[in-house]
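Asker: Take this structure, written in structure tokens, and hold onto it; I'll ask about it next.
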Amino acid sequence: MAKVLIVGGGISGLCAGVLAAKNGFTVEVYEKNAQPGGLCAGWTRRGFRLDTGPRWLSGAAPGGEMRPLWQAVGALGEEMGPGEARPALAFSLGQGQTMLPLLRCPEDLEEAMLHLSPRDGPEIGELCRLLRRTSQLSFPREKPLDMMMAWEKVRLGAHLTARGRLLPYARQSAGEYARSFHHPLLQALLEKVPPPGASASFALLWLGQALHPHGLYLPQGAILAQRMAAALEALGGRLFTGQGVERILLSGSRARGLLLRSGRTALGDYVICACDPWLVRSRLLGPSYLDPLLGQWYSAPEKYPVSSFLTVYLAIPGQSPLPLEAPALLPCPPFSLAGETYDALWLRRHPGGAPNGFTLLSCQISQSEHQCDAWLRLAQNKEAYGVEKHRVAVMIKERLEQALPSWGQSRLLSATTPASFHRVTGAYKGSPMGFYLAPGGKLQNSPGLVPGADNCLLTGQWLQPPGGLSAALTMAKFTLQRLCALEGQEFHL
Ligand SMILES: Cc1cc2nc3c(=O)[nH]c(=O)nc-3n(C[C@H](O)[C@H](O)[C@H](O)COP(=O)(O)OP(=O)(O)OC[C@H]3O[C@@H](n4cnc5c(N)ncnc54)[C@H](O)[C@@H]3O)c2cc1C
């Protein structure tokens, strides 16, 4: 049995591990942190369960196109289902007393928008037509493009035609498109929901995917990794936590194993890098081992930027006075941070994370790539970083209290910055998702190959912009399909 060594026990590494074990490989997963899950993790602070991970598992409900794959890797459980973040509502945007609920049903959404701003009627009609299309768009999940038969490519062509309708929007930014609407909440929808600087076509894809039906509510993001780690071990695979990988050991153009930070070596027949490819380039192998397409993305931030966010976790006594069923963008008194002005906060309630008598909230603001860079630079000085993080967290807490005075005093529990994600998982510039597209960027998948290391493969969210859980999972499946092809065997889900 060929032995596969996997670097990284995030969602993609665990998925690759489970699928490799199912396909008869001997599997060892090496994760640098004490817990698996990577960006999908949680921790406890003063009796509160804080969770970084996603709450909505897109396409995983019965009938959803991602369900068979999530099931195959043992990630789904009975605790997941329609709950607080009801499928009807993706999120809502607020301005003064007015709210725009982002309803998952396109007809209801159109009606809510027309009610909000009748004079934007024609633009709303076109926007909803596009959102209907992008919400139904499913990314190819069958197999990597280069492994497809001719008839499969024809089917893919039909899918790309649907994407083609977005082309006229690829040349303008979401901000420019937003200005074709009169109502500030419709402008905010296009400008503040997608990542900063996104192209209009990307914003439409992003919003469409948020409205995608057949999602499952996750009580805690960390549950996914726990379930997949258990599935891996049940299949005989081994997960080594607290075991960072220092280098990939090469013998000519073949990887022969891993040098661990502990000094130990692990030998195997294949290496799958399920961490950020930038780490493979900068630490595990070297610059010449980067796939050229990925290299293009990393070196053109004007077309393929990344972004992140700053999150402040707050406890308030009693039950939440707001029925926050899904994240909401709430207006607040303006404040500035690293050259950007903010006048709204993303607010989210974390049911199940607070002890009795309290409500746990997170308040979030987006951070552009240059702000991520600034946090990473600051984090090199631990003390100065701690002081600035606390200052910003207190400022955000005060803005929330000013915006919602009836809530009374909140208690600051914790704050995370892009530097937190970078430190914990090694994510490029602390981005929780992959690259996204600014005007001029093209939507493509990286093949996940490592030039110069024939038996080394990449996987993870970075191979398919804009990343996310579905990308992490799909890319892991593609990697296993390649691996099985290299071994001359059929792939089984
Ligand atoms: C707050 C938040 C909200 C999110 N919301 C959503 C959402 O709503 N929908 C969605 O689809 N996605 C969402 N995401 C993104 C989603 O969590 C990620 O797409 C997904 O978890 C990425 O998985 P991955 O395995 O590709 O990468 P990672 O999670 O980054 O996994 C890489 C792993 O490699 C490990 N590693 C790195 N270097 C080494 C080394 N040298 N040795 C050993 N191990 C190493 C890391 O510790 C990590 O565990 C969110 C993320 C965050 C943080």
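A short reminder: the numbers here are calculations on the coordinates, not readings from a lab. For clarity, every value in this text was computed on a predicted model and none was experimentally measured. Backbone-built Cβ (ideal geometry, glycine too); neighbour counts: all protein chains shown.
Asker: Measuring from label point to label point, each 7 Å out along Cα→Cβ, what is the H182 to A2 span in nm?
Answerer: Reported label-point gap for H182 and A2 is 6.3 nm.
Asker: Report, to one decimal in Å, the Kirkwood hydrodynamic radius for the range 104-211 based on all distinct Cα pairs.
Answerer: Every distinct Cα pair counted, the radius reaches 14.8 Å.
Asker: Counting only C-alpha contacts under 8 Å and six or more residues apart, can you give the relative contact order of the range 104-211 as a whole percent? Don't skip to the answer; put the middle values down first.
Answerer: Details: 103 pairs, mean separation 37.1, N = 108.
Relative contact order for the range 104-211 comes out at 34 percent.
Asker: Kindly express, to the nearest 10 degrees and within the range 0 to 90, the angle between helix 369-378's C-alpha long axis and the longest C-alpha principal axis of the chain.
Answerer: The angle comes out at about 70 degrees.
Asker: Another question, if that's okay. Among DSSP bridges having both ends in the chain, what percentage is antiparallel? Round to the nearest 5. Walk me through the numbers before you get to the answer.
Answerer: Numbers: 49 of 67 bridges.
Approximately 75 percent, going by the DSSP bridge assignments.
Asker: Report the FRET efficiency, 1/(1 + (r/R0)^6), for A150 and Q296, where r is their Cβ-Cβ distance and R0 is 25 Å, rounded to 0.05.
Answerer: The value I calculate is 0.35.
Asker: A further question follows. Counting alpha carbon pairs within less than 8 Å and at least 6 residues apart, what relative contact order, in whole percent, applies to the chain?
Answerer: Once normalised by length, the contact order is 22 percent.
Asker: Want the number for R261 to A34: 0.36 nm per residue separation, take away the alpha-carbon distance, what's left?
Answerer: Residue separation times 0.36 nm, minus the Cα-Cα distance, leaves 80.3 nm.
Asker: Stokes-Einstein diffusion coefficient for the chain at 37 °C in a medium of 0.692 mPa s, Rh from the Kirkwood formula over Cα pairs: what value in µm²/s? All intermediate terms of the calculation are to be shown ahead of the outcome.
Answerer: Working: Rh = 23.3 Å.
Taking Rh from Cα pairs, D becomes 141 µm²/s.
Asker: Let me ask another. Shape of the range 220-312 from its Cα gyration tensor (a ≥ b ≥ c, root eigenvalues): rounded if a/c is under 1.5, otherwise prolate when a/b > b/c, or oblate?
Answerer: Because a/c hits 1.5 or more and a/b fails to exceed b/c, the range 220-312 counts as oblate.
Asker: Taking Cα atoms, how many degrees apart are the long axis of helix 106-116 and the longest axis of the chain, rounded to 10 and kept between 0 and 90?
Answerer: It works out to around 30 degrees.
Asker: Okay, next question. Compute the acute angle (0 to 90°) between the alpha-carbon long axis of helix 200-210 and the principal axis of greatest extent of the alpha-carbon atoms of the chain; round to the nearest 10°.
Answerer: That works out to roughly 90 degrees.
Asker: What residues qualify as long-range amide H neighbours of Y304, i.e. H under 5 Å apart, gap of 5 or more or another chain, H built at 1.01 Å from N?
Answerer: A438
Asker: Suppose the chain between T341 and R411 were pulled fully straight at 0.36 nm per residue; how much longer would it get relative to their current alpha carbon spacing?
Answerer: 22.8 nm
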